[in-house]
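Here's the structure we're looking at; comments come further down.
The values are calculated or read from the model by the stated rules, or taken from the named source; none is laboratory data. The model shown is predicted, which means the values in this text are computed figures rather than measured ones. Please note: Cβ atoms are built from the backbone with ideal geometry, for glycine as well, and neighbour counts cover all protein chains shown. In case anyone asks, the SASA skips ligands and DNA or RNA and just uses the protein heavy atoms, side chains included. Shrake-Rupley method; radii C 1.70, N 1.55, O 1.52, S 1.80 Å.
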Amino acid sequence: MAISNFTGKIVVVTGAASGIGRSTALAFAREGAHIATADLQLEALEPVVKEIEALGVSCFPYAVNVADEAGMKAFAAAVRVRFGEPHVLINNAGIGYLGLFLQSDLEHWRRILDVNIMGVVHGCYFFLPMMMAAEGPRHVINVSSSAGNFPSPSMGAYAASKGAVSIWSESLKMELVDSNVHVTTMCPGVINTPIVRNWAGVAPTVTDATLAKMRLYYETQGCSPDVVAADMVKAVRKNGDIVLSGPKVGLAYHVRRISVKLIRAIMIDFSRKAGYL
């Protein structure tokens, strides 16, 4: 059974201060849901909290690093006290990195895996028990990426982390098959969000010109995060499984199924034109 009406429901969104997280929090708020928003700094959440509350619903902002196990445990407990058991959990928080493998340090791998993988794991580990114990249908959306399906050069750690989210989500879906919780894997493509303007890090060899060219591509060829947010609302309503969101994502996904060599050649050509290969 899917959740069709969000009025009065509780939705948790991590990484809610900007980008896809912000758009998603607002999309569910417009549907009448109360929102628990999480990000690194409370100050960063203030604008979206005001927008959510202006819609006539409640918003609970919380500062937490999703990579911090104790912090996420405390966040889950705080949401339960404030709102009760969530109906929808959206593990959205993530960071990126740009740089060829041998021209980058190893520290960025640890940072990205901690946030992009363990952030999702922590969210599920601490929220799922209360959601499963509650009555009625509940829903988890784990935000992966099209990069987890067909990576590009210079984004190896990011792609590896998102691929792991996708594969682990498949395992989780099977474990929860007889429960009241449905799991969706969200795979956004080229989305114009702050992640391409505020990288968690770049290799020293990546030039300002390359970064500017990449930002321009995302701004002109990418879609608004509102598109992904709308797809998330739809995914909960229809119990979506693997959701491909954004321009040409579906096409690229199916091209890879037909020919790995072809999609690899396309990504190499794209990366060379973009200037980071």
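Brief remarks follow.
- Residue within segment 4-26 that is touching a Lys or Arg at 6+ places or on another chain (Cβ under 8 Å) and farther than 16 Å from Tyr62 by Cβ present: yes
- Hey, Ser146 closer than 23 Å to Arg111 by Cβ and modelled with pLDDT of 95 or more or not: no
- Residues in segment 248-277 that are among the β-branched types (Val, Ile, Thr) and open to solvent by 40 Å² or more (accessible area, probe 1.4 Å): Ile258, Val260, Ile266, Ile268.
- Hey, Leu45 modelled with pLDDT under 95, in contact with a strand residue (DSSP E or B) (Cβ under 6 Å, 6 or more places away or on another chain), among the aliphatic types (A, V, I, L, M) and within 23 Å of Ile191 (Cβ to Cβ) or not: no
- Of the strands (runs of 3 or more DSSP E) lying entirely inside segment 1-95, those containing at least 2 residues that are at negative phi and open to solvent by 10 Å² or more (accessible area, probe 1.4 Å) are 34-39, 59-63.
- The condition (being closer than 23 Å to Ser179 by Cβ and of a type outside the set (A, V, I, L, M)) is satisfied by just one residue among Thr14, Thr37: Thr14.
- When Asp226 is tested against the conditions (1) open to solvent by 60 Å² or more (accessible area, probe 1.4 Å); (2) assigned to a loop (DSSP other than H, G, I, E, B); (3) within 30 Å of Phe6 (Cα to Cα), the lone failure is (2).
- Leu102 being among the aliphatic types (A, V, I, L, M), closer than 18 Å to Thr24 by Cα and either assigned to a strand (DSSP E or B) or open to solvent by 10 Å² or more (accessible area, probe 1.4 Å) (or both): no
- Pairing each residue of segment 219-237 that is touching a residue at least 24 places away in the same chain (Cβ under 8 Å) with any residue that is assigned to a helix (DSSP H, G or I) and open to solvent by 50 Å² or more (accessible area, probe 1.4 Å), provided the two are 6+ apart or on different chains, yields C-beta distances under 8 Å for Pro225/Arg22.
- Qualifying residue in segment 185-197 (condition: at pLDDT 95 or above, surrounded by 14 or more Cβ atoms within 10 Å (Cβ to Cβ) and β-branched (Val, Ile, Thr)): yes
- Taking the criterion of being among the β-branched types (Val, Ile, Thr) and buried (at least 20 other Cβ atoms within 10 Å of the Cβ), the residues of segment 122-168 that qualify are Val140, Ile141, Val143, Val165.
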